[in-house]
Amino acid sequence: DAGVIQSPRHEVTEMGQEVTLRCKPISGHNSLFWYRQTMMRGLELLIYFNNNVPIDDSGMPEDRFSAKMPNASFSTLKIQPSEPRDSAVYFCASSLAVAGNTGELFFGEGSRLTVL
Amino acid sequence: TQLLEQSPQFLSIQEGENLTVYCNSSSVFSSLQWYRQEPGEGPVLLVTVVTGGEVKKLKRLTFQFGDARKDSSLHITAAQPGDTGLYLCAGAVATDSWGKLQFGAGTQVVVTP
C-alpha cells in the first residue's frame with residue numbers, strides 16, 4: 001500500500017515567490033497534519049484537518065501560510081510570499097482518528113524547502 | 001519553550017552498550033508515542049503507551065510511561081548501528097479535546113560499530 005505521498009521532495013526558490021506543497025494522505029485516513037521541522041524548533045504542528053475540515057490552525061506562523069483540503073485525498077500548504085526563514089522540511093502526516101484520539105501518525109518523506 | 005523536554009539532545013555510544021532517553025513534561029498526557037526518524041525520511045512510530053506505569057517491550061527497546069503520565073523513557077539494550085536515528089516523543093495532552101500531539105525536540109542517537 002502506498003504511504004503518505006508528498007511533492008515536491010525538494011524546492012529551492014527565491015524570497016517573495018509563492019510555494020505550494022502537496023500531500024496525498026493514506027486512503028481511509030480521516031485526519032491530516034502539516035508539520036514543519038527545523039534544527040532550532042524541532043517538529044512544529046502547523047495545521048490539522050479532520051474529515052477535510054481544518055480543526056486547529058493555531059500553529060500556522062502568519063497570514064503568508066495557508067492550507068486547504070478540498071477532498072479526502074489531497075491537501076496543499078501554500079506560502080505566499082516566501083521568506084528565507086521559511087526554509088525547513090515540511091511534513092504531511094495522516095492518521096485514522098477515533099473518539100478524540102489521533103492515533104498513529106503516518107508521515108510522508110517530507111518536502112525540503114530552501115528560500116534564498 | 002517545548003512542552004516535552006527530551007534528554008539528552010545527543011548520544012553517541014559504541015555497539016553493544018545500553019542507553020536511555022528521557023521525555024519529561026509538567027503536563028499530563030492521555031497517551032504518549034515514541035517515533036524514530038532516519039535522515040531524509042519522516043518519523044516512524046515505535047510504540048504508544050496509554051496507562052500510567054505501563055512498560056512495553058519491543059525486542060531490545062523498553063518503553064516506560066510514568067505513573068503520573070507526565071514522563072516517559074526509552075531504554076535500548078545492546079545497541080546496534082541500526083538503532084541510529086532521531087528519537088522523538090510525542091504526547092497527547094489530556095485536556096485537549098482532539099488529542100493534539102506535541103512533539104519533543106528529539107534525541108539524536110549514534111551507534112558506532
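All of the numbers you see were taken from the coordinates with simple rules; none came from a lab. Keep in mind that what you see is a predicted model, and the values were worked out from it rather than measured. With ideal geometry, Cβ positions are generated from the backbone for all residues, glycine too; neighbour counts draw on all protein chains shown.
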Item to complete: Counting only C-alpha contacts under 8 Å and six or more residues apart, can you give the relative contact order of chain B as a whole percent?
Response: 37 percent
Worksheet item: Lys/Arg Cβ at +1, Asp/Glu Cβ at -1, dipole of the protein assembly as shown taken about the Cα centre: which of A:Ser111, B:Gly40, A:Ile26 is farthest positive-ward?
Response: A:Ile26
Worksheet entry | Dipole moment magnitude, nearest 20 debye, the stretch B:1-62 about Cα centre, only Lys, Arg, Asp, Glu C-beta charged | 240 debye
Worksheet item: Under 19 Å from the 7 Å Cα→Cβ point of A:Gln80, by amide nitrogen: which residues of the stretch A:1-41?
Response: A:7-8, A:11-23
Item to complete: Report the relative contact order of the stretch A:1-55, percent, no decimals, based on alpha-carbon pairs under 8 angstrom and at least 6 residues apart.
Response: 26 percent
Worksheet item: How big is D, in µm² s⁻¹, for the protein assembly as shown by Stokes-Einstein at 25 °C and 0.890 mPa s if Rh is the Kirkwood radius over C-alpha pairs?
Response: 135 µm²/s
Worksheet item: So for chain B, taking the charge dipole from beta-carbon charges (+1 Lys/Arg, -1 Asp/Glu), which of B:Thr20, B:Gln64, B:Val109 sits furthest toward the positive end?
Response: B:Gln64
Discussion item. If amide hydrogens are placed 1.01 Å from N in the peptide plane, which non-local residues have theirs closer than 5 Å to the one on B:Glu15?
Written reply: B:Thr112
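Exactly which GluC sites (Glu not before Pro) in the stretch A:16-76 are in a DSSP loop and have at most 14 other Cβ atoms within 10 Å?
A:Glu18, A:Glu62
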Worksheet, complete the sentence: Filtering trypsin sites (Lys or Arg not before Pro) in the stretch A:39-87 by DSSP loop and by at most 14 other Cβ atoms within 10 Å leaves A:Arg41
Worksheet item: Among B:Ser31, B:Ser73, B:Ser12, which one shows the biggest mean-square fluctuation in a GNM of chain B, springs joining Cα atoms closer than 10 Å?
Response: B:Ser12
Item to complete: With θ set to phi - 60°, apply the Karplus curve 6.51 cos²θ - 1.76 cosθ + 1.60 along the stretch B:35-47 and write out the HN-Hα couplings as whole Hz, x wherever there is a Gly or Pro.
Response: 10, 10, 10, 9, x, x, 10, x, x, 10, 5, 9, 7
Discussion item. So, R0 is 30 Å and r is the distance between the beta-carbons of A:Val53 and A:His10; what FRET efficiency does that work out to, to 0.05?
Written reply: 0.50
